[in-house]
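Structure first, then comments.
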Amino acid sequence: MRLQHDHVRSKEKAAVIGVLITAFAFCTVLVPSLAFAGMILGAELRFTYEDNVVGLLSDQQGARGGGSTSGPMMNVQAAMGGMGGGSGRYMGSGSGSTRSPGDFYATLAAEAGGYTEVGSDTALFAKAFANHSSYNTYTALDATIGGLSAGINTVLNDSVSARLSALGKIKRFGDSERNSTAYAANFGLKEKLTPVWWVREFAEYEKNSADVSLFSYTGATIGIGTGYGLTKSTTLALAYSYLEQRFEDPSGGSIRTQTASLSAEHTLMRTWSVGVEYNHQVSQVSISGTSNADNILSLALRYSY
């Protein structure tokens, strides 16, 4: 069993390297040939700790997953618990909520693409993206997600801008039953209230089709955030989002997740920055009435061309 597990992990790492190489090639080879006016190139290395690893949200935050169980009326409730590499599912304790042990994980993400102007205030963009998350203990929750995105940015007036995009994703997990493809569309508005203070509203719709119907869902997210520049190099931000996922398994269950976040980013030089972020997340399962609270703390190093 150990050799089999190591073999799977090796194949997963190879897939990650392949996706990142593809993204790099997209940037260095295809972008110039498409005559884009500018280049999009970014990368991030993020270290995260969660005190209550919650399932069925890994593809929303890059590194979290869940298991499955027999009995359709228990599917969503059981998958909300954590799942360790070979150690079985953690079902939680107490009748009103479920908790799992915490864990650390690391995420490596990259994007590459370009944009071209189609007017004085409008630009079209296209990019490839990929990320891989690896858990310290819950290796069955490791996730690799890659895809393509295209959209439009436009400046509506001196203080308001808008963004609309569509994307397709391929998702691979340590728990292969969750492997899936997804399509999504998102829209955002940003208002610049002062030279150092902005507000942003956003919405997204996603259709996720998994190899096992338990993990197939439609999801809708709405949110609002604000940022303030303390100095030329340091920005603070607050945000709130609401996500509802409706699953296609026989239970017909849904999960409603509210997330409040506080973050700070400091620019080290023109292309490099560091960031710290705290999220408090509460998820509720419709068919069981259980709720899960998760505190998430992250530290990130970012590169942006």
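Output yes when any residue across the range 105-118 is of a type outside the set (A, V, I, L, M, F, W, C), surrounded by fewer than 19 Cβ atoms within 10 Å (Cβ to Cβ) and modelled with pLDDT of 80 or more, and no when none is.
Taking the range 105-118 first, the residues of a type outside the set (A, V, I, L, M, F, W, C) are 105, 107, 111, 113-117.
Next cut, surrounded by fewer than 19 Cβ atoms within 10 Å (Cβ to Cβ) only: 116-117.
Those still in the list that are modelled with pLDDT of 80 or more too: 116-117.
Checking the range 105-118: at least one residue is of a type outside the set (A, V, I, L, M, F, W, C), surrounded by fewer than 19 Cβ atoms within 10 Å (Cβ to Cβ) and modelled with pLDDT of 80 or more.
Tallying residues that are out of contact with any Asp or Glu (no Cβ under 6 Å at 6 or more places or on another chain), hydrophobic (A, V, I, L, M, F, W, C) and buried (at least 22 other Cβ atoms within 10 Å of the Cβ) within the range 128-150 yields 5.
In the range 108-182, counting only strands (runs of 3 or more DSSP E) that sit wholly within it, the ones holding 3 or more residues that are among the hydroxyl-bearing types (S, T, Y) span 122-135, 143-155.
Would you pick out the residues in the range 182-201 that are among the aliphatic types (A, V, I, L, M) and more than 16 Å from the chain's Cα centre (by Cα)? Give the steps one after another, and end with the answer.
The first filter runs over the range 182-201 and keeps only residues among the aliphatic types (A, V, I, L, M), leaving 182, 184-185, 189, 193, 196, 199.
Of everything in the range 182-201, those that are among the aliphatic types (A, V, I, L, M) and more than 16 Å from the chain's Cα centre (by Cα) turn out to be L189, L193, V196, V199.
Just wondering, is there one or more residues in the range 289-301 that are under 26 Å from A110 (Cβ atoms), in contact with a Lys or Arg (Cβ under 7 Å, 6 or more places away or on another chain), among the hydrophobic types (A, V, I, L, M, F, W, C) and crowded, with 17+ Cβ neighbours inside 10 Å? There is at least one residue in the range 289-301 that is under 26 Å from A110 (Cβ atoms), in contact with a Lys or Arg (Cβ under 7 Å, 6 or more places away or on another chain), among the hydrophobic types (A, V, I, L, M, F, W, C) and crowded, with 17+ Cβ neighbours inside 10 Å. Taken over the range 217-240, the residue count meeting the criterion of being surrounded by 18 or more Cβ atoms within 10 Å (Cβ to Cβ), at pLDDT below 95 and either small (G, A, S) or part of a loop (DSSP other than H, G, I, E, B) (or both) is 1.
The values are calculated or read from the model by the stated rules, or taken from the named source; none is laboratory data. A quick note: this is a predicted structure, and the numbers were derived from the prediction, not measured. Methodologically, a virtual Cβ is constructed for each residue, glycine included, from the backbone with ideal geometry; neighbour enumeration extends over all protein chains shown.
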